[in-house]
Protein chains: 2
Amino acid sequence: MTTLEDEMKRVKARVDEMILSSILPESSNTPEVDLLYKMMRDYPSRQAKGMRPFLCVATARAAGGKDESSLLTAACIELFQNWILIHDDIEDRSELRRGAPALHRMYSEGLALNAGDALHAKMWGALLGNAELLGFPAAFRVMQEFAMMVNETTEGQHMELSWVEKKRWDLDESDYYQMCRKKTSWYTVASPCRLGAIVAGADENVLEALKDFGLKLGVAFQIQDDALNIVGDQKKYGKASSDDILEGKRTLILLHLLNSADAQERKRLKTIMNKPRAKKTKQDVAYVISMMDEHDAVGFARKRANELMKEALSILGGID
Amino acid sequence: MTTLEDEMKRVKARVDEMILSSILPESSNTPEVDLLYKMMRDYPSRQAKGMRPFLCVATARAAGGKDESSLLTAACIELFQNWILIHDDIEDRSELRRGAPALHRMYSEGLALNAGDALHAKMWGALLGNAELLGFPAAFRVMQEFAMMVNETTEGQHMELSWVEKKRWDLDESDYYQMCRKKTSWYTVASPCRLGAIVAGADENVLEALKDFGLKLGVAFQIQDDALNIVGDQKKYGKASSDDILEGKRTLILLHLLNSADAQERKRLKTIMNKPRAKKTKQDVAYVISMMDEHDAVGFARKRANELMKEALSILGGID
């Protein structure tokens, strides 16, 4: 019996092949240009689950589309994930990605930033290949979705970064949800599913339902990801544990903790979270985590994630 | 009589209007998202000549095309210039751009990097508008040119950055030309002209000739730009004087100087150029400039620029 996991691996393998064969220099160039392509191939070569391209292919199948029509678009979703991770890792000053040093830690920030741009453009270049596969109108519709997806993602990333920079704490659950829908939901669930549906020629009302579904499930996904950053196994997770605390991220877990803590605890938590990454001590991080334990903040957030997942699935049940 | 300068200003005004009206948030969002759009509108709102969009519109005119068909593409060329400058300024650690602080100096590097990505995606989103103006095939052809243009530009930027990082000095004129063709010529001359020709429906042989023309003229342009960084008026030039020396850039001027200098001078020059930006003193910069004077390095480079310009114009003369 083929499990969902096997299927996801199979799609990922085909997507990887498409991606890596598209990231090659035109001709034997200079050693510098060769290095650029090596950098562009780095994140795509690291182990990853490939959930997003799988969502695209699976939705296309559900809507009656063939894999041959959806795989290129799925590969471009994975390309998106890769270039934006290169840039996010610079913006968040992350040290690890998928179990290895972040690209800007292996090379320089300048070279990594530039490689991210090169990969971004490769994504759009690859999307042009849809004209032959799907015809011009569908190929255009796919690119419109990508334009919206990048737009939402950069808006969400801006929100999260500026909350930290401006030391903003006047935030509630709904602020977190709005940021998450933009930063995570669009590119993690809503657009991958909608792109599968577009490729398969689904109607606009299906796209609308997939949007509602995807925005909710994407938030549930982000909450689980936030939780793994606190309680997960670093080796399995691929990112450094407690990175979110070091980066000062306003997760639902943290916002709940601040709401539950008493005034004195809250003051200490904010003082710690407002410190720049390099100034946060191990004791600081341990204190935040111990308070999260005490107030069952991870449990609260996971409960919310489950509710959102149920709501999302009920929307999916309503699609004809 | 309408001068070329007036015409360039007129095109720039129309392009600016198109750009600024396209960079607006979907709906009244949060203050954070509003700030992102403010950042995206910042460089496009600063004074600039608009040479690249003008080259596109002028070439389209020469090939029998109407301005209404070329202006959107011209605006996207200017969008390209704006997002890549945001990122280049981060990569080069530039402090000034168009007479004001670089975007990452006004905000943070993270927010500026992200705003550059958002503007990059806006460019591709805007290019989709060509489907209605030009029909699908020409709209696709335009996007293929953009994909190539970004690709060449990032390859050139990578070459230049890694020469500095790796302290490479085993470079000659032809290395400089190759880097310049990639970093500057494509997006400054070759692609703007070719895009105008594509929009006007010109033949492939015209595009080939415009490539040869553009690659040469672009190098001439870059040499002039390098010269202005040494001898230009900072106020008029908009960038900080001698920035190239501070950044350690391998300009033709510098490479000629290293070739002309004696062994002892060469050693001192390389020692200075290898220092990181923050370690270079005013005396260091003054020494490099005085040596450039002594060896007439700027004069040499400008002579090369003139030769290249003549060669470029002779190609243009050969187009039917």
**Complete:** Dividing the mean separation of Cα pairs under 8 Å (6+ apart) by the residue count of the range A:20-167 yields a relative contact order in percent of 21 percent
**Request:** Compute the signed sum of charges (Lys and Arg +1, Asp and Glu -1) over the other residues within less than 11 Å, Cβ to Cβ, of A:V219.
**Result:** 0
**Request:** Could you name the residue in chain B with the C-beta closest to the rotation axis that superposes chain B on chain A, along with the separation in whole Å?
**Result:** B:F136, 2
**Request:** Pop a pseudo-label 7 angstrom from the Cα along the beta-carbon direction at both A:T3 and B:E5 and give the gap in nm to one decimal.
**Result:** 7.3 nm
**Normalised contact order of chain B, rounded percent, pairs of Cα under 8 Å and 6 or more residues apart** = 18 percent
**Fill in**
Note: A vs B interface, total accessible area buried (1.4 Å probe; ligands, DNA, RNA excluded), nearest 100 Å², is 4400 Å²
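Shielding by partners for B:103-116, please: the mean number of other protein chain Cβ atoms within 10 Å of each residue's Cβ. It would help to have the intermediate numbers written out before the result.
Details: counts 0, 0, 0, 0, 4, 5, 5, 13, 6, 1, 11, 14, 3, 6.
Across the residues of B:103-116, the mean count of other-chain Cβ atoms within 10 Å is 5.
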**Rounded, prolate or oblate (a/c below 1.5 giving rounded, otherwise prolate when a/b exceeds b/c) for the range A:212-302 by Cα gyration tensor** = oblate
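What shape does chain B have by the C-alpha gyration tensor, where a ≥ b ≥ c are the square roots of the eigenvalues, rounded means a/c under 1.5, and otherwise prolate means a/b greater than b/c and oblate the rest?
Judged from the Cα gyration tensor, chain B comes out oblate (a/c at least 1.5, b/c at or above a/b).
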**Asked** Considering only the label points, 7 Å along Cα→Cβ from Cα, what distances in nm to one decimal separate A:Q144 from the same position in each other copy, shortest first?
**Response** 2.4
**Request:** Would you kindly calculate the translational diffusion coefficient of the range A:20-82, applying Stokes-Einstein with the Kirkwood radius from alpha carbon pairs, for 25 °C and a viscosity of 0.890 mPa s, and quote it in µm² s⁻¹ without decimals?
**Result:** 186 µm²/s
**Request:** Please state, rounded to one decimal and in Å, the Kirkwood hydrodynamic radius that the range A:147-278 gives when every pair of distinct Cα atoms enters the mean of 1/r.
**Result:** 16.0 Å
**Under 5 Å, built H, 5+ apart or other chain: amide partners of B:R97** = B:A102
**Accessible carbon and sulfur surface of chain A relative to its total accessible area, %, 1.4 Å** = 51 percent
**Item:** Within-15-Å neighbourhood charge of B:D296 [Cβ basis; K, R +1; D, E -1]
**Value:** -1
**Kirkwood Rh, angstrom, the range B:6-45 [1 / mean 1/r, Cα pairs]** = 11.1 Å
**Message:** For a quick check, take a GNM of chain A with Cα springs below 10 Å and name the residue from A:D244, A:D175, A:D117 with the largest mean-square fluctuation.
**Reply:** A:D175
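I want the local charge near A:R141. Using Cβ-Cβ distances under 14 Å, sum +1 for each Lys or Arg and -1 for each Asp or Glu among the other residues.
Overall, the nearby charge balance is -3.
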**Message:** How much of the pair distance distribution for the protein assembly as shown lies past 40 Å, counting alpha-carbon pairs only, in percent?
**Reply:** 32 percent
**Request:** Find the relative contact order for the range B:1-105 and round it to a whole percent, using C-alpha pairs within less than 8 Å whose residues are 6+ positions apart.
**Result:** 29 percent
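The values are calculated or read from the model by the stated rules, or taken from the named source; none is laboratory data. A quick note: this is a predicted structure, and the numbers were derived from the prediction, not measured. Backbone-built Cβ (ideal geometry, glycine too); neighbour counts: all protein chains shown. The area values use the complete protein model at the heavy-atom level, side chains included, leaving out ligands, DNA and RNA. Shrake-Rupley method; radii C 1.70, N 1.55, O 1.52, S 1.80 Å.
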